[in-house]
Each structure stands twice: as C-alpha cells, then as structure tokens.
1. Pick from segment 154-202 the residues that are buried (at least 16 other Cβ atoms within 10 Å of the Cβ) and of a type in the set (S, T, Y): which of them is nearest to the ligand (Cβ to nearest atom)?
2. If you take the residues of segment 102-125 that are charged (D, E, K, R) and touching a residue at least 60 places away in the same chain (Cβ under 8 Å), which of them is farthest from N38 (Cα to Cα)?
3. Quick one: what pairs do we get from segment 159-183, first residue within 29 Å of D90 (Cα to Cα) and part of a loop (DSSP other than H, G, I, E, B), second more than 12 Å from the ligand (Cβ to nearest atom) and small (G, A, S), C-beta under 8 Å, 6+ apart or different chains?
4. Restricting to segment 98-130, give me the number of residues that are within 16 Å of the ligand (Cβ to nearest atom) and either assigned to a strand (DSSP E or B) or more than 13 Å from K30 (Cα to Cα) (or both).
5. Checking the structure you have, find out if any residue of segment 32-41 is away from the ligand (no atom under 13 Å from the Cβ), of a type in the set (D, E, K, R) and closer than 30 Å to A97 by Cβ.
6. Could you check segment 69-97 and list, in sequence order, the residues that are farther than 26 Å from Q160 by Cα, away from the ligand (no atom under 14 Å from the Cβ) and among the polar types (S, T, N, Q)?
7. Looking at segment 14-21, is at least one residue farther than 23 Å from N116 by Cβ, in a strand (DSSP E or B), within 15 Å of the ligand (Cβ to nearest atom) and of a type in the set (G, A, S)?
8. What tally of residues in segment 1-13 results from selecting those that are in a loop (DSSP other than H, G, I, E, B) and more than 13 Å from G142 (Cβ to Cβ)?
Amino acid sequence: MKIICIGRNYGAHAKELGNEVPEKPVIFCKPDTALLKNNEPFYIPDFSKDVHHEIEVVIKIDKMGKSIAPQFAHKYYSEFTLGVDFTARDLQTELKAKGLPWELAKAFDNSAVIGNFITKETVDLNNFEFELSKNNALVQQGNTKDMLFNADTIISFVSQYFTLKTGDLIFTGTPAGVGAVNIGDQLIGKAAGVEYFNFEIK
Ligand code: ZN
C-alpha cells in the first residue's frame, strides 16, 4: 500500500507557514514504513529538534482505480479516520529553502499516524469538524468544508498520476495550529465526541 498526502489544503495553514495558497493539490507520498497505528507511542527521531503535529482526515481506498472522474470518486472509499502527518519542520524548512524534495522531513518511520477507521456514511465528510488536543489543551481545530480540494477532487486528481489500490491511504491536509511535540505529550484526535486516536510522544 502507499500513503499519499496533500499539503497546504487549508488556506489558513498555508498562510501560517508563509506559503502561497496552491492552484492545484500539492502532493507527496510516504512509504508503508511510515505507518503508526493502534495508539502506539511516537518516538521523536534524533535528526529533528522540531517535529510538528498535523492532524488530518485520512481516507482509505477500497477499490482499484485510475483516472477516476470526480463524480465517481465517492465509490472508491467507504472508511475514514483521523491521523497525524508528523513533520520534521526544521528539516523541511532547510529542504524547501534549497528547493529539494520533502521526503526526509515527511516520510520517515512512524510519521503517518492513523486512528480507528469508521464508515463515511455516519458523517458528512464535506462538513466534518475535527480537533487535536495536546495534554488536554486544544491545539488544532478544522472543518473539511475549509479544504481547498475535497476528498473526491483529490482522488480524481491523484488517480490521473497514480493508480489507486485497495488499502492506499490519503492524508487530506491539516488545518491551522500546527506546532511542536515534546517527550511526554499526549495527543488525542476527536470529532463529535468520538476519539479516533490517543497516544503518547516518547
Ligand atoms: Zn500534512
């Protein structure tokens, strides 16, 4: 399986990092070794002094598809969860300044956290409010209605370049409020009172 991520998909977050609001989805990938699940702890890697949390809605592809039209995209996924796209911001800033790819800052081991999946029929994924708390203080709050490109648009766009396969995951971008994590922090991702993940930083 592969993990596809969308950068700068919320205008307020693009601006907080001093980036332009993109005209087309900004895409990067993580390998399957980036996955972290079952509320296992996240260990801060030695190569970064500034690992940031980015809470995101994550959709799981459950049918193979290529060049999917937007109006059919909803048939290619039935479950979603909340996750964290951990980012070594110090490394990413260096790479960006040199115009280099982001992988070292984004695709490292355990950088793609996923929570419990639930069926998308239970919510309106185009108007879905979610939040991240760190040590019981609210740090990020977003609503998918503020995404520049919604899930169906992302699936259609990405599938023109990559064949989507069953089990692939799409991280749909983070709202504003990203920040550093430290050893001992507890991260909880919630929406409508439902807890999707709850794990510790070590
Ligand atoms: Zn992200």
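1. The residue in question is T174.
2. Checking each candidate, the answer is E103.
3. Short answer, once both residue conditions are applied: T172/A151; P175/A12; A176/A12.
4. Final tally of qualifying residues: 5.
5. yes
6. T93
7. No, there is no match, as no residue in segment 14-21 is farther than 23 Å from N116 by Cβ, in a strand (DSSP E or B), within 15 Å of the ligand (Cβ to nearest atom) and of a type in the set (G, A, S).
8. Summing the residues that are in a loop (DSSP other than H, G, I, E, B) and more than 13 Å from G142 (Cβ to Cβ) in segment 1-13 gives 3.
Readers should treat all values here as calculations from the given coordinates under stated rules, not as data from a laboratory. Quick caveat, the model's predicted, so the values are computed rather than measured. Glycine also receives a Cβ, built like all others from the backbone with ideal geometry; neighbour counts cover every protein chain displayed.
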